[in-house]
Structure formats: C-alpha cells, structure tokens
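Enquirer: This is the structure I have questions about; it appears just below.
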Amino acid sequence: MRYYKFGNPAGRFIGSSGGIDVYPASIVRNPVEGQKSQIAAAQPGEFYFGYGPSTGGMIESVGIDFLTPGEFITDVSVNPKYKMRMINVREKSIGDTMLSIERINAFHCASHSIAFASAVEDALEVDIPEGVMYARIVALELERIRSNLLVIERMCQPAGFGVPGNQLALLREEISRLISAATGHRYFLGSVSAGGISINLSRVSKVTQNIASQFRKLYDSLLESKIFMNRLINNGKISTESLLGPAARASGHANDARLDSQTLDYSGLGFSPILRTGSDSFARMQVRSEEIIQSVDIIEKALELASSSIASLGNHVDGEGAGRIESPQGDVFYYVRLENSMLADVVMVSPSLSNIDAFVRSMKGNIFTDFHFNWESFGIWISEAGVELE
Amino acid sequence: MSNLWFFNGLRKGVRTERFPKAPAEAPPQWPSRLSGSGDAVCPVGAIENGVWDMDKCIFCRRCLTTYEPTGEQDIFTIDSRVSLFHRSLYLYPLDSGSCGGCNIELLNIFTPYYDANRLRIFITNTPRHADAIVIMGVYTKGMEEPLRLAYEAMAEPKLVIALGACAISGGIVGKPAIDAEKYNVKIAGCPPSPYTILQALDSVRGD
C-alpha cells in the first residue's frame, strides 16, 4: 500500500465504513462510532411526519421523518437502510468483483470502478500508463458533468421550472449518448478494468464543447430568475470542516480529492477547486454549475494526453491497497486486500453517508417547501449509502 | 422572465424522436439484443447450452466475441396485456433495492428525446392511481412490506412490471424482489435503455 498507512488520523475526516476510518493519507482501525441520525422527542404541538420509503418526488427508496409544529422543521432524520443491499464481493476474482462494484451506484459507476481499480493496482503495485490515467480523468469528468446536470435539473422541478428542467435533461441525455458511443454503455459499465480503461475519445471534445456553450446560457438565465433564487438562497446553510464534495466547496472548504490525488494527475492539468462561501443550496448549485464548465476545460486538456489501453497486472498475487477518487458527490474510497489474486477484503466509503448527516443538520429550522431544493442540492445517492460489502 | 423561458422553449423546437414508430436514433450497444450461438463464459448463467437468456443477462461483455450486440432494443417479454390501459397507462415506480441505474432510465423516458407523455404514459405518486407497478432492483428485507402494501393498494386490473435484470433474476448482486412468474412484463437490461422501456410500455397496453 503505497499511498496510505494504517496509523494515526492525518488531515480531515473523509468517512468511515466496515471497521475503518479514512483520512487523506491514513486509515485507522477501531473507529469511533459516527453520529447516528436520531430524531428528537416531540414537544406539545409538534407531530411526526413520515415521508417514504416509497414516495413520489424521490429517485430512490429512503425513509425521512420530520418533526414539525406544522410548517417549520424542528428536526429531521433520514433512514437510508430500507433498501439495504448485502453484496457478496469476497473470495471472488478481481474481474468478478468489478461487476458488483459497478452496480453499487450505476449513475456514478466510473467513480466507483476507477476507485476500486486504483486500489487493486495499488495492492499489486501496478503503474498504469499515462494515457490510461488521462483517459480515466476524461471519464470521471464526463460523469461529473452528467451528475451535476441532474442535480440542477432536479432542483428546477420543485420550482415548476419545466423549460430549464427539460433543457438540462436534453444536455444530460446528450452526455449519456456520448458516453454510450465512447464506451458502448450509457453508464460506463464494463469499460473500466484493473490496469486500464476502454473508451473511444473521438467525439468527446465536440460534444462537450457544445454542452458547455448551451449550459452557460441556461445557467445565466437561471441566475436571473428571482423566483428560483428565492428558493435556494439561505436554504440549508451548513459549513463544517467535515463536509465533502460540492457541499464543502460551497462552504469555502477546498476539500477535493482531485487536489491531493496520488494516482490521477489533476494538478498537472492546472486544476484548482471552485469555491463559494454561501454555504446554502444556492452556493451548492453555483459550485456544481461552474464545475460543469470547468470539467469541459479539464477534458479538453486531458484529451491531448489520453489513450485507451490495459496494463498488465504483473506477477504479484497478494497485497493490500487503497484508492480514492473525487466523485461528483465527494470522496469515494476503496480498500482492498488480495490473497492469491482473489479479494479477501473490500471496504467502500461513500460520500453519501456523510452528506446525509450534513443534510440533516442543515434542514433544521427550514420549512417544508425548502426540503426538495435542499435535498437535491446535496446530490445524495441511497444506493451507495445503503449497501454493505460482505 | 416567464416570457424569456417561453421563448427559450420555442427556440429549441421539437427534439422528441418518433420512436417507437420510427427507428431509434441513438440505440446503445449494451444493452441490446445479442446475436450468436454456442457456449461462452457467463457470470450469471445467462448462456447455457448455447442459448442466451435475456432476462438473466447483465450485458457485461464477457461473451464477446461469441455473442455480439445488435443494437436492437426489443429485449422485453409481455405475458399479459390489458386493453383497458390503451388510452393511458399510469405507473407507480418502486425501488426495491436498485443501484439507481433503472431509476434514472425510467425517469429518462419522460425527458424531451423520449417524451413518454405523448404516448399517454405517466408517472403517479400513489399506487391508488396506478395501473402498473414498476419494480426495480433486488429483494431487500426493508422494502418487502412497502412493496406488498403498494401492490395491495392498486385497483384491479393491474400489471406488475419488472424493470432490469435485478428485478427479474437478481442480476449479479442479489435475488429477485418477487417470483419471476408473478410479473406480467419483464424488461431486460442492466439497466434497460429508455428505448427498451418505452417500447415495452407502449406494447403492454393491448389493442
């Protein structure tokens, strides 16, 4: 394991899962139990309002309980475990395990599969070709563009903004079709492997430049919509060091795995994170919007150096390694231990669990109308929060 | 400002495809109908005795080059149609334990390129108003009761639709949410493409 060590916490807390706590350069066993979402006791005049697990307006099954006197949200709890999946990944080959990893969260398959592949390459002490590294950056940024488009599209829906919502959906579909043409699959399934990536980069520049141009006009128009801005500004304010991904960067914290990545050379492409200080739903939307345009610039630079190939996994059969990727929601981390080229242990840490905690804390004191805007601004995926690898 | 959005919408023009009356403009290769014969390595047993079973297939490409994708999107089976739903079809989506892929592709059929509303296909937020329940994902204990309650809340006649390999066979990550024989419609894919979903839903309503 070249980039991480077991030991004392170093730097900011990234998340915990499966008996470990993760920090940017270290993994700690015997973790301190994270805060569990528990709703407060009702006071006279307050009542509990249950939303979910299966309900309209949500993409996935999730149980949300509100404590309210009728309008203000006194307290809220989120239960992502209704659809808890137990996925068997141990004592399987690297390739077979990859099939399951891809299906933890298909919408962010590139992030999960590249983080897992990086962990395996670390364990086997394999150095991937430079062209593969830049091709993976292209894949991750394409995924970020699509994911951020979905978040903003979903934020338009509760405002009744049909025209911008549909135009954002059009751009998102164009990215999906580009990914399909480049990899054969609309969600990158089957395109990333330990040691490589299979992707045809020929149309990427033309399509992404067009999307950046169209999105910039849409974004400018949204910023002029007072009705929309009123729903976002001061909605779900939160600013703590423990935030991840766009939520952190919307609070002025430069938390971004692309800055300190040991395996993907983002800094060589001149990357620096986009920061805002509003700490609210509007700031999270600003960060995601500007990251769409930034991702197109990153892709343009990475394309000059990218190539599609697969490196040999070498002669090692045992080892332990870790991989960390900045997914569209924040840090995705994988730890693997290999014995005879089979997976003896796999641990995944997703940003969605941390973001659920941040959402809960940000929602208190808001009103019901704020809920959907604020929820969508965090971009939480229950499929990666409610999963256990066994 | 409302005028601006109005003109924005007009300027874009009609972007909706004519599918399923016309061929799909951008059909994905994976998933699509596979063409080939003979045995091949398959992690989910979708190829046995030289026969490809689209319901089990997770379209992982392990069987390339014995089997090749055709781009054809008609990878669904309909066991029973309900002509009562010819004028409109209201769907209640239920995520029993999915990776989110099927959820997004189902939402995508209501976006401009596909626009399921033009075919009088709609989403409803309550099973009381639903003609069909669309089950996505594998079996999970926590969603067993919500699935049963949603099914019982639907009025007769009703359809049960399995969306994706996980719901039909369990795919590669679990077991199916309900027994395969209880489904009226099985839409294959991992996840199924919007074209496949749209064509299956358009076909299920009978004459």
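The values are calculated or read from the model by the stated rules, or taken from the named source; none is laboratory data. Treat the numbers as computed from the prediction; the structure is a model and nothing was measured. With ideal geometry, Cβ positions are generated from the backbone for all residues, glycine too; neighbour counts draw on all protein chains shown. All accessible areas refer to the heavy atoms of the entire protein, side chains included, with ligands and DNA or RNA removed. Shrake-Rupley method; radii C 1.70, N 1.55, O 1.52, S 1.80 Å.
Enquirer: The conditions are (1) over 17 Å from B:Phe110 (Cβ atoms); (2) open to solvent by less than 10 Å² (accessible area, probe 1.4 Å); (3) more than 9 Å from every other protein chain (Cβ to nearest Cβ), and A:Leu171 fails exactly one of them. Which is it?
Expert: In the conditions (1) over 17 Å from B:Phe110 (Cβ atoms); (2) open to solvent by less than 10 Å² (accessible area, probe 1.4 Å); (3) more than 9 Å from every other protein chain (Cβ to nearest Cβ), A:Leu171 misses (1) alone.
Enquirer: Looking at B:Glu68, B:Glu17, which one is among the acidic types (Asp, Glu), in a strand (DSSP E or B) and within 14 Å of chain A (Cβ to nearest Cβ)? Talk me through it step by step, then tell me what you get.
Expert: Details: B:Glu17 fails: in a strand (DSSP E or B).
B:Glu68 is the lone residue from the list that is among the acidic types (Asp, Glu), in a strand (DSSP E or B) and within 14 Å of chain A (Cβ to nearest Cβ).
Enquirer: Report the residue count in the range A:358-383 for those that are among the hydrophobic types (A, V, I, L, M, F, W, C), touching a helix residue (DSSP H, G or I) at 6+ places or on another chain (Cβ under 7 Å) and not in a helix (DSSP H, G or I).
Expert: Within the range A:358-383, residues that are among the hydrophobic types (A, V, I, L, M, F, W, C), touching a helix residue (DSSP H, G or I) at 6+ places or on another chain (Cβ under 7 Å) and not in a helix (DSSP H, G or I) number 2.
Enquirer: On to the next question. I'm trying to understand the selection: among the residues of the range A:75-101, which are under 30 Å from A:Phe47 (Cα atoms), of a type outside the set (A, V, I, L, M) and more than 9 Å from every other protein chain (Cβ to nearest Cβ)? Outline the logic, then answer.
Expert: In the first step, residues of the range A:75-101 are kept if they are under 30 Å from A:Phe47 (Cα atoms); the result is A:75-84.
Those left that are additionally of a type outside the set (A, V, I, L, M): A:75, A:77, A:79-83.
Those that are under 30 Å from A:Phe47 (Cα atoms), of a type outside the set (A, V, I, L, M) and more than 9 Å from every other protein chain (Cβ to nearest Cβ): A:Asp75, A:Ser77, A:Pro80.
Enquirer: Let me ask another. Could you check, for the range A:150-157, whether at least one of its residues is basic (Lys, Arg), more than 9 Å from chain B (Cβ to nearest Cβ) and open to solvent by less than 10 Å² (accessible area, probe 1.4 Å)?
Expert: Here is the first cut: in the range A:150-157, the residues basic (Lys, Arg) are A:154.
Subsequent filtering for residues that are more than 9 Å from chain B (Cβ to nearest Cβ) retains A:154.
From what's left, open to solvent by less than 10 Å² (accessible area, probe 1.4 Å): none.
Scanning the range A:150-157 turns up no residue that is basic (Lys, Arg), more than 9 Å from chain B (Cβ to nearest Cβ) and open to solvent by less than 10 Å² (accessible area, probe 1.4 Å).
Enquirer: Within the range A:310-331, can one find any residue that is free of Cβ contacts under 8 Å to residues at least 12 places away in the same chain and open to solvent by 20 Å² or more (accessible area, probe 1.4 Å)?
Expert: Initial filter on the range A:310-331 (free of Cβ contacts under 8 Å to residues at least 12 places away in the same chain): A:315.
Right, trim to open to solvent by 20 Å² or more (accessible area, probe 1.4 Å) and you get A:315.
Checking the range A:310-331: at least one residue is free of Cβ contacts under 8 Å to residues at least 12 places away in the same chain and open to solvent by 20 Å² or more (accessible area, probe 1.4 Å).
Enquirer: Of everything in the range B:169-202, what is part of a strand (DSSP E or B), surrounded by fewer than 24 Cβ atoms within 10 Å (Cβ to Cβ) and aliphatic (A, V, I, L, M)? Give them in sequence order.
Expert: B:Val185
Enquirer: Can you tell me which of A:Ala194, A:Ala212 is away from chain B (no Cβ under 14 Å) and over 25 Å from B:Gln29 (Cα atoms)?
Expert: On the way: A:Ala194 fails: over 25 Å from B:Gln29 (Cα atoms).
Just a single option satisfies the conditions, and that option is A:Ala212.
Condition check ((1) touching a helix residue (DSSP H, G or I) at 6+ places or on another chain (Cβ under 7 Å); (2) hydrophobic (A, V, I, L, M, F, W, C); (3) surrounded by fewer than 16 Cβ atoms within 10 Å (Cβ to Cβ); (4) not in a helix (DSSP H, G or I)) across all residues:
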site	(1), (2), (3), (4)
A:Leu189	yes, yes, no, yes
A:Gln209	yes, no, yes, no
A:Tyr219	yes, no, no, no
A:His253	no, no, no, yes
A:Gln262	no, no, no, yes
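Enquirer: Go through the range B:177-202 and give me each residue that's in contact with a helix residue (DSSP H, G or I) (Cβ under 9 Å, 6 or more places away or on another chain), under 29 Å from A:Thr97 (Cα atoms) and away from chain A (no Cβ under 13 Å). It would help to see each step written out before you state the result.
Expert: Here is the first cut: in the range B:177-202, the ones in contact with a helix residue (DSSP H, G or I) (Cβ under 9 Å, 6 or more places away or on another chain) are B:177-178, B:180, B:183, B:185-194, B:196-198, B:201-202.
Filter once more, keeping what is under 29 Å from A:Thr97 (Cα atoms): B:177-178, B:180, B:186-194, B:196-197.
If the condition is that a residue be in contact with a helix residue (DSSP H, G or I) (Cβ under 9 Å, 6 or more places away or on another chain), under 29 Å from A:Thr97 (Cα atoms) and away from chain A (no Cβ under 13 Å), then B:Ile178, B:Ala180, B:Lys186, B:Ile187, B:Ala188 are the ones that fit.
Enquirer: A further question follows. Of the conditions (1) outside any helix (DSSP H, G or I); (2) away from chain A (no Cβ under 14 Å); (3) closer than 14 Å to B:Ile135 by Cβ, B:Arg205 satisfies every one except a single condition; which number is it?
Expert: (3)
Enquirer: Could you run through the range A:267-282 and say how many residues are without any contact (Cβ under 8 Å) to a residue 40 or more places away in the chain and farther than 15 Å from A:Ala248 by Cβ? Give the derivation first.
Expert: Kept after step one, since they are without any contact (Cβ under 8 Å) to a residue 40 or more places away in the chain, are these residues of the range A:267-282: A:267-268, A:270-277.
When the remaining residues are screened for being farther than 15 Å from A:Ala248 by Cβ, the result is A:267-268, A:270-271.
Of the residues in the range A:267-282, 4 are without any contact (Cβ under 8 Å) to a residue 40 or more places away in the chain and farther than 15 Å from A:Ala248 by Cβ.
Enquirer: Something else: Suppose the filter is within 13 Å of chain B (Cβ to nearest Cβ), open to solvent by 10 Å² or more (accessible area, probe 1.4 Å), in contact with an Asp or Glu (Cβ under 8 Å, 6 or more places away or on another chain) and under 28 Å from A:Asp127 (Cα atoms); does A:Gly184 pass it?
Expert: On the way: within 13 Å of chain B (Cβ to nearest Cβ): yes; open to solvent by 10 Å² or more (accessible area, probe 1.4 Å): yes; in contact with an Asp or Glu (Cβ under 8 Å, 6 or more places away or on another chain): no; under 28 Å from A:Asp127 (Cα atoms): yes.
No, not satisfied.
Enquirer: State the number of residues belonging to the range B:49-58 that are within 14 Å of chain A (Cβ to nearest Cβ) and either surrounded by fewer than 21 Cβ atoms within 10 Å (Cβ to Cβ) or in contact with a helix residue (DSSP H, G or I) (Cβ under 6 Å, 6 or more places away or on another chain) (or both).
Expert: First, the residues of the range B:49-58 that are within 14 Å of chain A (Cβ to nearest Cβ): B:56-58.
Add one more test, that the residue is either surrounded by fewer than 21 Cβ atoms within 10 Å (Cβ to Cβ) or in contact with a helix residue (DSSP H, G or I) (Cβ under 6 Å, 6 or more places away or on another chain) (or both), and what stays is B:56, B:58.
Counting residues in the range B:49-58 that are within 14 Å of chain A (Cβ to nearest Cβ) and either surrounded by fewer than 21 Cβ atoms within 10 Å (Cβ to Cβ) or in contact with a helix residue (DSSP H, G or I) (Cβ under 6 Å, 6 or more places away or on another chain) (or both) gives 2.
Enquirer: If you go through the range A:232-240 one residue at a time, do you hit one that is under 18 Å from the mean Cα position of the chain (by Cα) and crowded, with 20+ Cβ neighbours inside 10 Å?
Expert: Within the range A:232-240, none of the residues are under 18 Å from the mean Cα position of the chain (by Cα) and crowded, with 20+ Cβ neighbours inside 10 Å.
Enquirer: Shifting gears a bit: Considering (1) at pLDDT 95 or above; (2) exposed (fewer than 11 other Cβ atoms within 10 Å of the Cβ); (3) within 14 Å of chain A (Cβ to nearest Cβ), say which one B:Arg11 fails and leave the rest.
Expert: Only one criterion is unmet by B:Arg11, namely (1).
Enquirer: I'd like the full set of residues that are over 19 Å from A:Gly52 (Cβ atoms) and in contact with a strand residue (DSSP E or B) (Cβ under 7 Å, 6 or more places away or on another chain), limited to the range B:139-167.
Expert: Within the range B:139-167, B:Lys158, B:Leu159, B:Val160, B:Ile161, B:Ala162, B:Leu163, B:Gly164, B:Cys166, B:Ala167 meet the criteria.
Enquirer: Test A:Gly162 against the stated conditions and say whether it is of a type in the set (Gly, Ala, Ser), on the phi > 0 side of the Ramachandran plot and surrounded by fewer than 24 Cβ atoms within 10 Å (Cβ to Cβ). Please lay out each step first, then the result.
Expert: Working: of a type in the set (Gly, Ala, Ser): yes; on the phi > 0 side of the Ramachandran plot: no; surrounded by fewer than 24 Cβ atoms within 10 Å (Cβ to Cβ): yes.
Taking the combined requirement at face value, the residue does not satisfy it.
Enquirer: With respect to B:Arg61, is the statement that it is open to solvent by 30 Å² or more (accessible area, probe 1.4 Å) and either under 25 Å from B:Gly174 (Cα atoms) or without any contact (Cβ under 8 Å) to a residue 40 or more places away in the chain (or both) true?
Expert: On the way: open to solvent by 30 Å² or more (accessible area, probe 1.4 Å): yes; either under 25 Å from B:Gly174 (Cα atoms) or without any contact (Cβ under 8 Å) to a residue 40 or more places away in the chain (or both): yes.
So B:Arg61 fits the description; yes.
Enquirer: Now for a different question. Anything in the range A:171-187 that is among the hydroxyl-bearing types (Ser, Thr, Tyr) and not in a helix (DSSP H, G or I)? List them, or say none.
Expert: A:Tyr187
Enquirer: So, one more: List the strands (runs of 3 or more DSSP E) inside the range A:1-92, counting only whole elements, that have at least 1 residues being within 30 Å of A:Gln262 (Cβ to Cβ) and open to solvent by less than 70 Å² (accessible area, probe 1.4 Å). Steps first, answer last, please.
Expert: Values: elements: A:15-17, A:20-22, A:26-29, A:47-51, A:63-68, A:75-79, A:85-87.
Ranges flagged: A:15-17, A:20-22, A:26-29, A:85-87.
Enquirer: Give me the residue from the range B:30-44 that is surrounded by fewer than 19 Cβ atoms within 10 Å (Cβ to Cβ) and of a type in the set (S, T, N, Q) and, out of that set, nearest to B:Ser203 (Cα to Cα).
Expert: For the range B:30-44, the residue satisfying everything is B:Ser35.
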